[in-house]
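J.: Sharing a structure with you now.
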Amino acid sequence: MAVPGNFSDEPLSPAGRLFLQPKTEVIIHCIARAKNPIDIDAFKANVKSSLMATHPRFCSLLVRDENGFEHWRRTNLDIDRHVIVFNNQLDKSGKFIDGSENRGFSIGNEEVSGADDDEIAVNQYVADLSVSTPLSTDKPLWEIHLLMAHKCFVFRINHALGDGISLMSMLMASCRKASDEHALPAMVPERTGGNKGDKRRGVFWLLGALLGFLEMTWFTLVFVFEFLVRIFLVSDRKTVISGGDGVELWPRKLATARFLLEDMKEVKKAIPNTTINDVLFGVVSFGLSRYLDHRTPNALHEGLRMTGVAMVNLRSKPGLQELSNLLKDNSEARWGNRFGFILLPVFYEKVGNDPLKYLKRAKAMVDRKKTSLEAYFSYWIGDLAMTLLGSKFASLLNHRLLCNTTFTISNMIGPLEEISMARNPISSLKINTSSLPQAITMHMLSYAGKAEMQILVAKDIIPDPEFLAKCFEDALLEMKMAAIGGQ
């Protein structure tokens, strides 16, 4: 509904407008599982006293003026409208059971109890929320569902308010260390650079800098050309895991793949200068090949390409940010949607005797992507399209990119140790988003030595996401054994 303008209204950023278009509206979901029963009053008091209750984005309504332009308008925050309490228990289909108590329950002849079945129920509840369940625009665009019987907090935040880094940093500022209720959670340690004084500013250094610049220029041109071609002309070959236009409206299922960071670090040792992102990309490549072998044995040719869209944080500092830095207008780590896209191709291969070949190929590709400016270009072209052609055209470009690729993936570094929320220790922390045109979206978040990857699928295309999650888990374990055996 159009409203008269107000001098205090703040216009939305280009990325914020993009995430409010019908085809590209995205809601971020964060699932936090507590160890103890939830104290509703304590939790609400924690939210009221946190920066979430005073941050402009969390205290503003979305309004449109007479010309259709979106603005943020400050309003009084009613916590009771944002913290929504559900006392009944969920069944495995993600539906609430009337009159259920906080204990095991039956579905047909099947007894449902324990942490695994509990997680299935919560995952399906969030999967249902991910399809056609927008946030109400008569209040600021966020809410928190308290699933009392499951001891779970489900945060729902429109992507227009900020990206995953911004929102998780905000959440961490509202939490404390589980071991010290007065201390903020430990963030990502600062990177320590090498001794720059040892660099020789001579002919060899200049030659190396020139070669590096030429390499960056070449890879940027190649990958930017591929990016544009992928939007307008080329799409992945259809497989049993492909999505497409309209698939974002199909019913979803949600499963979780669990990894130990120690296992990933063990795999890193197999190849020098390998990162956790390289290992994750290798695991996804290996796991998808395993899954396709199961679904369509002998039906695909070796080397079949499946393209992923990976989100890259464009801030100078990796991982979660200090909230004070995010709130500074002139900070390189400022609040908002500061990420770009890169295309990450994976290739189907028959599962053989060398699990590490997936890691080698993944590292080689990621190293080339790091050399290029593809992620910055994607951010710049999106911003330019929004400014010159409007949000509808920019939304169409983004939608076409997703329709022409197979999956989306992101990886975020979370708290280094266990945290507590309203003095309630958190045992698990996971993140995902609402549905996209792709049949698979994957979001990994590390937490206290573990990493959990949420796998959201269109269930009519991928009916067994739990098996797909196991393919990823088994892929990492095989790579770990190969890495240990090769030492």
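The values are calculated or read from the model by the stated rules, or taken from the named source; none is laboratory data. For clarity, every value in this text was computed on a predicted model and none was experimentally measured. For neighbour counting, all protein chains shown are included, and Cβ atoms are generated from backbone atoms with ideal geometry for every residue, glycine included. We work out accessible area using only protein heavy atoms, side chains counted, and drop any ligands, DNA or RNA first. Shrake-Rupley method; radii C 1.70, N 1.55, O 1.52, S 1.80 Å.
J.: For T405, what accessible surface area do you get with a 1.4 Å probe? Give it in Å², rounded to 10.
T.: Looks like 10 Å² after rounding.
J.: Moving on to the next point. With every protein chain left in place, what is the accessible area per residue of the stretch 342-487 in square angstrom, probe 1.4 Å? Don't skip to the answer; put the middle values down first.
T.: Numbers: 5370 Å² over 146 residues.
Using a 1.4 Å probe on heavy atoms only, each residue of the stretch 342-487 averages 37 Å².
J.: Enter the Cα centre distance for the pair the stretch 432-451 and the stretch 266-280, rounded to the nearest angstrom.
T.: Result: 20 Å between the Cα centres.
J.: Just order 473-482, 24-33 by mean Cβ neighbour count inside 10 Å, highest at the front, would you? List each step's numbers first, then the result.
T.: Details: 473-482: 19.8, 24-33: 21.5.
Listed from highest to lowest mean packing, they are 24-33, 473-482.
J.: Given the pairs K253/K470; K450/K470; K35/K450; K370/K392; K238/K459; K265/K360, which span a C-alpha to C-alpha distance of over 19 angstrom in this model? It would help to have the intermediate numbers written out before the result.
T.: Numbers: K253/K470 15 Å; K450/K470 16 Å; K35/K450 16 Å; K370/K392 30 Å; K238/K459 17 Å; K265/K360 15 Å.
Table pairs above 19 Å Cα-Cα are K370/K392.
J.: Still on this structure: Find which of N298, F86, F219 sits farthest along the positive direction of the dipole of the chain, computed with +1 on the beta-carbon of Lys and Arg, -1 on that of Asp and Glu, about the Cα centre.
T.: With unit charges placed on the Cβ atoms, the residue in question is F219.
J.: In whole Å, what is the distance between the alpha-carbon centres of the stretch 363-427 and the stretch 145-190?
T.: Value for the Cα centre distance between the two parts: 20 Å.
J.: Semi-axes of the equivalent ellipsoid of the stretch 379-440: what are they in whole Å, largest first, if each equals the square root of 5 times a C-alpha gyration tensor eigenvalue?
T.: Working: eigenvalues 239, 50, 21 Å².
In descending order, the three semi-axes are 35, 16, 10 Å.
J.: When the accessible area of the chain is computed with all protein chains present and a 1.4 Å probe, what percentage of it is carbon and sulfur?
T.: Numbers: 12490 of 22310 Å².
Percent of accessible area from carbon and sulfur atoms in the chain: 56.
J.: For semi-axes √(5λ) of the Cα gyration tensor in Å, the choices are (i) 32, 28, 21; (ii) 34, 29, 25; (iii) 35, 28, 20; which was calculated from the structure?
T.: Comparing each candidate, only (ii) matches the computed number.
J.: Just by accessible area at a 1.4 angstrom probe, what is the order of Y291, Y379 from largest to smallest?
T.: Largest to smallest exposure gives the sequence Y379, Y291.
J.: If you don't mind, another one. Hydropathy first: keep DSSP H helices in the chain averaging at least 1.6 on Kyte-Doolittle, then drop any whose Cα extent along the axis falls short of 15 Å, and list what survives.
T.: Working: long enough: 114-129 (23 Å, -0.26); 203-232 (44 Å, 1.86); 276-295 (28 Å, 0.38); 356-371 (23 Å, -1.04); 374-389 (21 Å, 0.74); 391-403 (18 Å, 0.43); 465-485 (30 Å, 0.53).
What comes out of the filter, once short or polar helices are dropped, is 203-232.
J.: Please list W142, W250 from largest to smallest accessible area, probe radius 1.4 Å, with all protein chains kept in place.
T.: W250, W142
J.: So with the 1.4 Å probe, I'd like the accessible area per residue for the stretch 201-319, rounded to whole Å².
T.: Working: 6020 Å² over 119 residues.
Solvent-accessible surface per residue comes out at 51 Å².
J.: Counting alpha carbon pairs within less than 8 Å and at least 6 residues apart, what relative contact order, in whole percent, applies to the chain? Write out the running numbers ahead of the final one.
T.: Numbers: 926 pairs, mean separation 117.6, N = 487.
Taking the mean separation of contacting Cα pairs over the length of the chain, I get 24 percent.
J.: With charges set only on the Cβ (+1 for Lys and Arg, -1 for Asp and Glu), what does the dipole of the chain come to about its Cα centre, in debye to the nearest 20? Can you show the working numbers first?
T.: Details: 57 positive and 55 negative charges, 292 e Å.
Once rounded to the nearest 20, the dipole reads 1400 debye.
J.: With each run of n ≥ 4 DSSP H residues scored as -39500 (n - 2.57), what mean residue ellipticity at 222 nm is computed for the chain after dividing by its residue count and rounding to the nearest 500 deg cm²/dmol? Intermediate values should be presented prior to the final figure.
T.: Values: 13 runs with 172 residues, N = 487.
Counting only the DSSP helices, I get -11000 deg cm²/dmol.
J.: Using a Förster distance of 45 Å, how high is the FRET efficiency between D39 and D354, based on the Cβ-Cβ distance and rounded to 0.05? Walk me through the numbers on the way to the answer.
T.: Values: r = 52 Å, r/R0 = 1.16.
So, using R0 = 45 Å, E works out to roughly 0.30.
J.: Let me ask something else. If R0 is 25 Å, what FRET efficiency do you get for D116 and E181 from their C-beta distance, rounded to 0.05? Numbers along the way, then the final one.
T.: Working: r = 30 Å, r/R0 = 1.20.
The calculated FRET efficiency here is 0.25.
J.: Whole-Hz Karplus ³J(HN,Hα) for the stretch 85-91, in order, using 6.51 cos²θ - 1.76 cosθ + 1.60 and θ = phi - 60°, x for Gly and Pro?
T.: Once rounded to whole Hz, the list reads 9, 10, 8, 6, 8, 9, 8.
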